[in-house]
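Below you'll find the structure, written out as structure tokens, and then a few comments.
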Amino acid sequence: CGGDECHRTRWKECPKCQKRMKDEGLENEDQLQSWFTKHFAKYLENKGRRLIGWDEILRGDLEFPESAVVMSWLGNADKAAKLGHDVVMSPNGYLYLDYPQFPAKDKYEYIAEGYGYYMTTYWIYHYNPTQGIADDLTKHIIGCQGNLWSEYIWERTDLQYKAFPRTLALAEIAWEENENKNWIRFINDYVAHEQKVLDCLGLVDAGLQFGKLGLWNKGELSNKWVSVEFPLDQALVTNGYIEAAFIYKGGKVTHVRNVKLLFNDAVVATDNHEGIIGENPQNPLYPLTTEETCTPDNIKIQAEMMCEDGDDCEGIVYLYRK
């Protein structure tokens with residue numbers, strides 16, 4: 001039934017609204033909306049159905065049928081669960097797909113553009129729908145919903161670009177136990193499925209980062225350590241909690257160490273640990289946090305790399321804001 005963002009200004013001056021409030025013993029306009037919603041919640045319950053409404057349906061603090069389901073976008077899930085309502089988690093700080101998905105400028109329009117908001121696949125994947133909910137109330141958290149409002153969607157390609165791959169992260173947080181999630185496994189699964197599934201379905205996929213991808217191909221490495229540079233222009237327009245992920249595509253195992261992030265050819269962050277990039281990756285993520293000013297036209301990753309048993313290895317370097 002919606003019930004969200006319902007302005008009550010006119011209700012204060014409407015004689016019919018004020019009469020209804022007086023007749024029903026309601027103290028304010030918030031309770032008027034709750035009374036209205038409660039009426040239909042009871043009606044639907046008598047018909048064997050359940051009303052679903054956004055957080056705002058609880059604002060009047062009137063007693064609702066417990067069958068009513070609350071869509072929580074403003075953070076009232078705990079309150080709803082304590083009242084005995086089932087809840088669908090849909091927080092605007094994690095699951096709004098109409099927000100930009102990269103800390104960079106792509107060609108599409110977004111509702112929150114210019115305000116510094118963005119919902120990366122990484123951010124969505126690390127959301128836990130039951131965080132902050134008491135253990136005895138988590139039974140009321142029945143699912144998640146990602147919202148892709150369409151004010152700024154003009155074409156099918158626009159819709160698909162904004163939905164994928166973020167919808168894949170949404171599916172996993174909704175269906176997988178939080179303790180079983182694994183970002184490294186998720187990225188590797190994404191790379192494996194991008195061509196086999198998404199491309200075959202003809203979907204326009206935004207990828208895990210914007211701008212130029214870092215790639216190493218078969219024949220480019222050897223079984224000796226060598227320094228490699230990956231231009232990743234336009235991947236970022238900001239500094240902060242940045243991470244590089246080295247992801248396996250095929251062939252032999254690749255070793256990576258001494259990873260550096262460069263802005264304008266100056267090293268701004270380093271991570272020296274050795275990672276193994278293969279079907280069973282070990283430590284392939286490199287945190288590269290920096291406060292230095294980012295210049296989108298000149299971003300690079302440098303790394304020392306080696307391919308086991310020759311030159312038959314290939315993979316991808318993703319650079320993203322965590």
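Quick notes
- Residue in the stretch 33-46 that is modelled with pLDDT under 95, assigned to a strand (DSSP E or B) and closer than 18 Å to residue 86 by Cβ present: no
- In the set (1) open to solvent by 30 Å² or more (accessible area, probe 1.4 Å); (2) within 14 Å of residue 96 (Cα to Cα); (3) not in a helix (DSSP H, G or I), the condition left unmet by residue 159 is number (3).
- The lone criterion from (1) touching a residue at least 24 places away in the same chain (Cβ under 8 Å); (2) open to solvent by less than 10 Å² (accessible area, probe 1.4 Å); (3) in contact with a helix residue (DSSP H, G or I) (Cβ under 8 Å, 6 or more places away or on another chain) left unmet by residue 67 is number (2).
- Residues in the stretch 162-198 that are out of contact with any Lys or Arg (no Cβ under 8 Å at 6 or more places or on another chain), without any contact (Cβ under 8 Å) to a residue 60 or more places away in the chain, aliphatic (A, V, I, L, M) and open to solvent by less than 30 Å² (accessible area, probe 1.4 Å): 169, 198.
- Subset of the stretch 8-61 (residues that are hydroxyl-bearing (Ser, Thr, Tyr) and closer than 20 Å to residue 79 by Cα): 34, 37
- Leading residue by the ranking (farthest from the chain's Cα centre (by Cα)) among those in the stretch 75-87 that are over 17 Å from residue 34 (Cα atoms) and open to solvent by 20 Å² or more (accessible area, probe 1.4 Å): 82
- Residue check, residue 263 open to solvent by less than 70 Å² (accessible area, probe 1.4 Å), in contact (Cβ under 8 Å) with a residue 40 or more places away in the chain and hydrophobic (A, V, I, L, M, F, W, C): no
- Among residues of the stretch 294-316 that are of a type in the set (S, T, N, Q), those with a Cβ under 6 angstrom from a residue that is surrounded by fewer than 19 Cβ atoms within 10 Å (Cβ to Cβ), sequence gap 6+ or separate chain, pair up as 295/264; 298/264; 302/229.
- Strands (runs of 3 or more DSSP E) fully within the stretch 280-322 counting 3 or more residues that are surrounded by 18 or more Cβ atoms within 10 Å (Cβ to Cβ) and not acidic (Asp, Glu): 299-307, 313-321
- Residue within the stretch 88-104 that is more than 11 Å from the chain's Cα centre (by Cα), within 23 Å of residue 50 (Cα to Cα) and either outside any loop (DSSP other than H, G, I, E, B) or in contact (Cβ under 8 Å) with a residue 60 or more places away in the chain (or both) present: yes
- Identity of the residue in the stretch 138-153, free of Cβ contacts under 8 Å to residues at least 60 places away in the same chain, surrounded by 15 or more Cβ atoms within 10 Å (Cβ to Cβ) and touching a strand residue (DSSP E or B) at 6+ places or on another chain (Cβ under 9 Å), that ends up nearest to residue 112 (Cα to Cα): 148
- Count of the stretch 272-296 residues which are at pLDDT 95 or above, farther than 14 Å from residue 260 by Cβ and of a type in the set (Asp, Glu): 2
- Within the stretch 98-121, the set of residues being more than 20 Å from residue 131 (Cβ to Cβ), of a type in the set (A, V, I, L, M) and touching a helix residue (DSSP H, G or I) at 6+ places or on another chain (Cβ under 8 Å) is empty.
- The numbered conditions (1) touching a Ser or Thr at 6+ places or on another chain (Cβ under 9 Å); (2) farther than 25 Å from residue 91 by Cα; (3) open to solvent by 100 Å² or more (accessible area, probe 1.4 Å) are all true for residue 1 except (2).
The values are calculated or read from the model by the stated rules, or taken from the named source; none is laboratory data. Quantities reported herein were computed from a predicted structural model and do not represent experimental measurements. Cβ atoms come from the backbone with ideal geometry, glycine included; neighbour counts cover every protein chain shown. Areas reflect the complete protein model, heavy atoms only, side chains present, ligands, DNA and RNA absent. Shrake-Rupley method; radii C 1.70, N 1.55, O 1.52, S 1.80 Å.
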